[in-house]
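Below is one structure, written out as structure tokens; the observations come after it.
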Amino acid sequence: MRQQKWWLVGLSALMMVSCGSTQVSSGANTAQASTDAEVAAPQDGASLTAQAVSWPVLRVGSSGQSVTSLQHLLLAHGHSVGVDGQFGSQTEAAVRSFQQSRGLSADGIVGEQTWTALVITVREGSTGEAVKAVQKELGVTADGQFGPQTKSAVVSFQQSRGLTADGIVGPNTWRELVGSGTVTTSDRATLAQQILNNGRISLYTVQVSGVNDGADARSNIVDTAAGRPAKRSSYDNAPGGSVYLDTRMLRGMLSTAGVYSYRSTAIAGGSHSSNSRHYAGLAFDVDTINGVRVSSSNPYFRNFMQACRNAGADEVLGPGSAGHSTHVHCGWPR
């Protein structure tokens, strides 16, 4: 009996040591998991989608809204750089400097590790360059003040992407924002093919007037993807002939689709004013945003118009402008 008792005591001690060891190990794993979780998603809604977008890889030659956001984030970290949406030598130098300061490989290429170190969690009440980046991604006024309008736009974006709609922009939301509208090429045909492949962009297959002339929005993009000029209509005010679509506009179509789903009704075709930028391959029209037809009561049209401006359009018209009560027009400089 005494031997059995001591055997039980010894077994209990061994189990305690074993459990203690397991607890220490488990604690270490828990601490590591917590650290990783904080890197992946501090105070940010988890993705409810089957697969989130990837962080974009940016380098010299990249352009678009994601580069603009990168530049704002570099400024937020104290690195001097101009904000123009073009990844040139100045941006590369700032990226290398930031990477060195964080112990990252200073290759001047912005991938997942650099993005993770760059992004700053912002929420209502936040101010500064990181907030401006969020606002430009969402197409709201970029004043650097995270107020109710910005929070509302963040919540809407999170809902559209299957994120927990908490209004807080942490790494999960940042990744969706900068990854969705990334354009890293200036090749016209490649841009057009990306538009055709983008499930958030719908293209009219006839003119709004009902004319079927092969100059509809979809045909314009199909021709461009094939390396051909886009056909112009030849009825009413339309001049006929064809035009190569401007790459700035094509990039704008892609970057706006990073935040909104929409339907384009006209690009180079249709009948417009005689000097319309459509005929120069510099403009596109939209009649539906996020499934809602454009009108003065559409809750998205103003932010969509701002997104076009952020993408470089300087002729942006919509409800409230003569002749644009049911569509938004985004045109780039001649």
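The values are calculated or read from the model by the stated rules, or taken from the named source; none is laboratory data. Everything numeric in this text was worked out from a predicted model, so none of it was measured. Cβ sites come from the backbone with ideal geometry, for glycine too, and all protein chains shown count toward neighbours.
Summary of values
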read-out	value
Scope the range 288-301; condition of a type outside the set (A, V, I, L, M, F, W, C) and surrounded by fewer than 18 Cβ atoms within 10 Å (Cβ to Cβ); matching residues	N290, G291, R293, S295, S296, S297, P299
Candidates G281, G331, G318, G270, filtered to the one that is touching a residue at least 24 places away in the same chain (Cβ under 8 Å), over 23 Å from D213 (Cα atoms), in contact with a strand residue (DSSP E or B) (Cβ under 9 Å, 6 or more places away or on another chain) and buried (at least 22 other Cβ atoms within 10 Å of the Cβ)	G318
Residue ID - surrounded by the fewest Cβ atoms within 10 Å (Cβ to Cβ), chosen from residues in the range 197-210 that are aliphatic (A, V, I, L, M) and modelled with pLDDT of 95 or more	V206
Given (1) touching a strand residue (DSSP E or B) at 6+ places or on another chain (Cβ under 7 Å); (2) not assigned by TED's automatic domain parsing to the domain that holds P229, number of the condition S160 does not satisfy	(1)
Output for the range 226-251, where each listed residue is part of a loop (DSSP other than H, G, I, E, B) and hydrophobic (A, V, I, L, M, F, W, C)	A226, A238, L245
Yes/no for S255 being closer than 22 Å to A311 by Cα, assigned by TED's automatic domain parsing to the domain that holds G318, in a helix (DSSP H, G or I) and not charged (D, E, K, R)	yes
F98 being free of Cβ contacts under 8 Å to residues at least 40 places away in the same chain, crowded, with 24+ Cβ neighbours inside 10 Å and aromatic (F, W, Y)	no
Test set (1) assigned to a helix (DSSP H, G or I); (2) touching a Gly at 6+ places or on another chain (Cβ under 8 Å); (3) closer than 25 Å to V154 by Cβ - E124 fails condition number	(1)
Unmet criterion (only one of (1) under 28 Å from V53 (Cα atoms); (2) in contact with a helix residue (DSSP H, G or I) (Cβ under 9 Å, 6 or more places away or on another chain)) for K231	(1)
Selection within the range 136-156 - within 14 Å of V83 (Cα to Cα) and outside any loop (DSSP other than H, G, I, E, B)	K136, E137
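Yes or no, residue by residue, for (1) surrounded by fewer than 16 Cβ atoms within 10 Å (Cβ to Cβ); (2) in contact with a strand residue (DSSP E or B) (Cβ under 7 Å, 6 or more places away or on another chain); (3) closer than 23 Å to S255 by Cβ; (4) assigned by TED's automatic domain parsing to the domain that holds M253:
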| site | (1), (2), (3), (4) |
| --- | --- |
| W55 | no, no, yes, no |
| S69 | no, no, yes, no |
| L74 | no, no, yes, no |
| V83 | no, no, yes, no |
| L104 | no, no, no, no |
| E112 | yes, no, yes, no |
| G125 | yes, no, no, no |
| A133 | no, no, yes, no |
